[in-house]
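> Take this structure, written in structure tokens, and hold onto it; I'll ask about it next.
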Amino acid sequence: MTSDQIREAYLSFFESRGHRRLPSASLVPAQFDPSVLLTTAGMHPLKPYFLGVEQPPTRRLTSCQKCFRTTDIENVGNTARHLTFFEMLGNFSIGDYFKQGAVELALELSTQHFGFDADDIWITVFEGDAELGLGPDEEAIEAWEKVGIPRARIVALPRSENFWQAGPTGPCGPCSELYLDRGLEFGEEDDLPGGENERFLEYWNLVFMQFNQHPVGTLTPLPAKNIDTGLGLNRMALIQQGVPTIFETDQFRPLMTLGRELASRDPDERALRILADHTRGMTFLIADGVVPSNEDRGYILRRLMRRAMQQGHRIGIEPGFLPLYVDRVLETMGAAYPEIVDGRETIVKWVRAEEESFGRTLEQGTRLLDDLLAAGELSGGDAFRLHDTFGFPIDLTRELALERGVPFTAESEFERLMEEQRVRSKATSARTLSSVYHVSGPPTEFTGYETLNQRTTVSTVEEQDGRLFVKLAESPFYAAGGGQISDHGVIECEVGDCRARVVDAVRAGEDQALIVEPERGSLKVGERVLAEVDRSARIATMANPPATHLLHAALREELGEHVHQAGSYVGPDKLRFDFSHTQRLSAHERRRVEDRVNEWILRNDPVRPITTTLEQARALGAMALFGEKYGDIVRMVEIGDGSHSRELCGGTHVRSTAEIGVFKILSEGSSASNVRRIEAVTGPEAVALLRREDALLHEAAEALRTQPERVLEAVQTLQQRARQAGKASTAAGTDAAALAQRAAQVDGAIVLTEVVEAPDAKALLDLADRVKGRLGGDAAIVLGTAVEGRVHLVASVAPALVQRGLRAGAIVKEAAQVTGGGGGGRDTMAQAGGRDPAKLADAIAAARRAIEAALV
């Protein structure tokens, strides 16, 4: 079986047993689960159901969940099975079936669909734990014995092995694991499941989720007894495909092959495995919104990418190879996970940027590390310098040292240096560079509120860490702060031939400094220059601070005064506003907020900056911006008469609301726990968006051969036709497989009697033939459907059963009489009809009784 076939077989099996198939949730946990950085198990998205906080859509669920476990990063490549990113198949019961039901389903799927011999299946159970106050799981042992697993093949294991929990607190419970005995060629006679051996391979974990642990060590019963199982798809692929390692299964072979093709030196298996696993992980993480950074999920992603880059570098792969791996991942997994295909552009952008960034220092840093390791010693200061200067994660340094046989023992020194750096960082505002770079010279007067062009004098020119810092006596450049990005532009000499491009304007306490890149000549202290801000970018940006203020006011008006700013971004391309709120805005709320902002814009109210005291501003009800520190004198921006908007803001603003033009919300979603995020556009960007959407609407109307205002109606008509076509094809689709699974053994015969959906009698007959082909053997089948007030019945009986006295014509006739109809046919195949659809179920039951009476 391929990985795709395994996934579908599992999900289809549980669907046929009344489970609703759920799509995989994101690798980034929802806001209700702060216990982990990434989704590590199939049950994580379902925690609210297990805790009784939310009602599940149905009590039986099944899914194939994307998972990521950071604890296994360093093990990848060293073993045959460790992965970071993997797929976890699971079936879940929320207060429905419990241990006996889970055991029966697991054994049936294992033997009848995955082809395992029941005699090769061993079981582990929870042996009990005094600290938790729990004894051995006798209920699980009894459940396995009931389905035929002898007590000799049931092994009790401790809490560390057979008690499952997603974190230190939360839903938990004892578990029972299924192991496949692969035979003595993989181990010894006295090997047992749970031991350090390759003979017994664990492939499925059944968690009996019945407790909530909070605080640690204290168990309380959950609102209902639940089932949470996990079957590793990749582990099952290893078994089904008969290969010794996961890295030789169908999902990994193309990635391993790519590594061999790209390597200019003989690649070792460990390097190829790390590349294969980590590039899968990075692709899915970025697709789910994680970007490289030095914190939390972003650090995990960055560590993954840098480990992959280092291994690629080690086996001689030319730089720029990560996008090639992304495309290979898309080829192997894009059909099952279309989000990675849809997000290809973003994924490639991030991996390319990270590879370019780290690639510039990888070779130099690796060379330095090699020199240090050649000396046989690596100090904490060395490790810190590699981290601080070359971006080498300490984990990577530690691994490389271990590979070279030089243990890293200076952890405490490294941690001390890191802590000193953290202290220095905390002492400095995230947007302040003065205490870091110590840009000297007299303070700069900011003139950017009044002008975009300033004739002034260069007061400071300093180079620090390869960057050129310039201070001007007067500067029109806005330094990033309050969510607004910095201005860009140019500085040109009034006399002489010099020009520098301003790439950033940074705050230095109450002062500012410019980071520049010389284009010709050089700037000198005392030089008279013309400083010019990029006009188009600034004008576009100026519409967004007041638009953000109006959005804040509209949200508070619509949702309540609990709404406060929790972060922002203001640039020429868009605005982003994070605010405290517990739930998604409804379509009605979103529309009212957008309409309210545009209403205020059309009033053409003046936008007035007022310099006042902090006390006075607060007395007037001015809102403070997230993350900003204020002195005694502040700048308050008032819109109109200030009745709906007064905010402390140092940003650049338009003169009146009409200059904003138009306000259009792009998206609204979650930013963090109890924090929502709105992104919106204004001015030219909003007009361009509206034009694009209008063009798309007209193109859609043309394609549908209707008027723009009737596009929705035309789409609904197409959807209705598609539903009708789908209904018409039901009997020709996958229902035959599901129906075949519902058949039962009756005295040596296979019997299936079911009410089904089919558009007409012919489709019902076709469906019976298809089910007959799947069942094979000595089968008796009766199917019935109701269409437009009429009942249609079909019966099929194998010749061997006819010899036992079972005749299709007689059975279908007896069933049809229940519905006020009649019919008949051959002994092996017969059809009938009826007039009362309400009696269809009774008719099928009558057919069942007739079959059983004839066979027994």
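> Leaving out ligands, DNA and RNA, what percent of the accessible area of the stretch 45-138 is carbon and sulfur, probe 1.4 Å?
42 percent
> Please sort 374-386, 75-87 by packing, taking for each peptide the average over its residues of neighbouring beta carbons within 10 angstrom, highest first.
For the peptides 374-386, 75-87, the packing ranking is 75-87, 374-386.
> Just order 800-813, 60-73, 540-553 by mean Cβ neighbour count inside 10 Å, highest at the front, would you?
Highest mean packing first, the order is 540-553, 60-73, 800-813.
> For the stretch 137-285, take the alpha-carbon Rg, divide it by the Kirkwood Rh, and send me Rg/Rh.
Here the Rg-to-Rh quotient is 1.06.
> Need one word for the stretch 710-856: rounded, prolate or oblate. Basis is the Cα gyration tensor (sqrt eigenvalues a ≥ b ≥ c); a/c below 1.5 gives rounded, then a/b vs b/c decides.
Note, shape of the stretch 710-856 comes out prolate.
> Tell me whether the stretch 519-578 comes out rounded, prolate or oblate; compute the Cα gyration tensor, take square roots of the eigenvalues as a ≥ b ≥ c, and use a/c under 1.5 as the rounded threshold. Intermediate values should be presented prior to the final figure.
Working: a/c = 4.17, a/b = 3.30, b/c = 1.26.
Cα axes put the stretch 519-578 in the prolate bin.
> While we're on this one: Can you give the charge dipole size of the stretch 281-422 about its Cα centre, rounded to the nearest 20 debye, using +1 on the beta carbon of Lys and Arg and -1 on the beta carbon of Asp and Glu?
Values: 17 positive and 26 negative charges, 44 e Å.
Value, rounded to 20: 220 debye.
> Report, in degrees rounded to the nearest 10, the 0 to 90 angle that the Cα long axis of helix 411-426 makes with the longest principal axis of the chain.
Relative to the chain, helix 411-426 is tipped by roughly 60 degrees.
> May I ask you to compute the full-extension gain from E261 to R367, defined as 0.36 nm times their residue separation minus their alpha-carbon distance, rounded to one decimal in nm?
This chain segment gains 35.6 nm when fully extended.
> Say each of R416 and R182 gets a label point 7 Å from the Cα, pointing the same way as Cα to Cβ; how far apart are those two points in nm?
Placing both labels 7 Å beyond Cα along the Cβ direction yields 4.8 nm.
> What 222 nm value per residue comes from the helices of the chain, counting each DSSP H run with n ≥ 4 as -39,500 (n - 2.57) and dividing by all residues, nearest 500 deg cm²/dmol? Before the final figure, lay out the partial values.
Working: 27 runs with 327 residues, N = 856.
The helix-only estimate for the chain comes to -12000 deg cm²/dmol at 222 nm.
> Follow-up question, since we're still on this one. Just to confirm a number: summing +1 for Lys and Arg and -1 for Asp and Glu over residues other than L22 whose beta-carbon lies under 14 angstrom from that of L22, what do you get?
So the surrounding residues net to +3.
> What is the calculated FRET efficiency for E852 to R826, with r their C-beta to C-beta distance and R₀ = 25 Å, to the nearest 0.05?
Given R0 = 25 Å and the Cβ-Cβ separation, E is 0.70.
> When the accessible area of the stretch 166-228 is computed with all protein chains present and a 1.4 Å probe, what percentage of it is carbon and sulfur?
53 percent
> Here is a further query. Using alpha carbon centroids, what distance separates the stretch 131-192 and the stretch 326-389, in Å?
What the calculation gives is 40 Å, centre to centre.
> Summing Lys, Arg as +1 and Asp, Glu as -1, what charge do residues with Cβ under 13 Å from the Cβ of L61 carry, L61 excluded?
Combined, the nearby Lys, Arg, Asp and Glu give +2.
> How much length would be gained if the chain were fully extended between V147 and V28, taking 0.36 nm per residue of separation minus their Cα-Cα distance, in nm to one decimal?
39.0 nm
> On to the next question. Can you tell me the accessible area per residue over the chain, all protein chains present, probe 1.4 angstrom, in square angstrom?
46 Å²
> Something else about it: Give me the percent of the accessible area of the stretch 306-373 that comes from carbon and sulfur atoms, probe 1.4 Å, all protein chains in place.
Carbon and sulfur: 48 percent of the exposed surface of the stretch 306-373.
> Also, quick follow-up: What are the lysines whose alpha-carbon lies under 28 Å from the alpha-carbon of K225, with same-chain residues fewer than 8 places away excluded?
Correct list for K225: K47, K66, K99, K146.
> Calculate, for E377 and E510, the FRET efficiency according to 1/(1 + (r/R0)^6) with r their C-beta to C-beta distance and R0 35 Å; round to the nearest 0.05.
Numbers: r = 46 Å, r/R0 = 1.32.
It comes out at approximately 0.15.
> So, counting K/R as plus one and D/E as minus one, what does the shell of residues with Cβ under 9 Å around S667 add up to?
Counting the neighbours of S667, the net charge comes to -1.
> From the list (1) 91, 69, 58; (2) 92, 75, 53; (3) 112, 75, 54, can you say which value of Cα extents along the principal axes in Å was derived from the structure given?
Looking at Cα extents along the principal axes in Å for this model, the match is (3).
> Give me the one-decimal nm value for the distance between modelled label points at R528 and V687, 7 Å along each residue's Cα-to-Cβ direction.
3.9 nm
> Could you compute how much accessible surface M256 exposes when probed at 1.4 Å, giving the result in Å² to the nearest 10?
10 Å²
> How far is it, in nm, from the label point at I633 to the one at L712 when both lie 7 Å from their Cα along the line to the Cβ?
Each label point lies 7 Å from its Cα, and together they span 5.5 nm.
> Follow-up question, since we're still on this one. Order of 279-290, 780-791 by packing, highest average Cβ count within 10 Å first?
279-290, 780-791
> Once the piece of chain linking Q5 and A722 is laid out straight, how much longer is it, given 0.36 nm per residue of separation minus the C-alpha distance between them? Kindly include the intermediate steps, with their values, before the conclusion.
On the way: separation 717, 0.36 × 717 = 258.12 nm, distance 2.66 nm.
Working it through step by step, the gained length comes to 255.5 nm.
The values are calculated or read from the model by the stated rules, or taken from the named source; none is laboratory data. All figures in this text were calculated on a predicted structure; none of them were measured in a lab. Cβ sites come from the backbone with ideal geometry, for glycine too, and all protein chains shown count toward neighbours. Heavy atoms of the whole protein, side chains included, go into the accessibility calculation; ligands, DNA and RNA do not. Shrake-Rupley method; radii C 1.70, N 1.55, O 1.52, S 1.80 Å.
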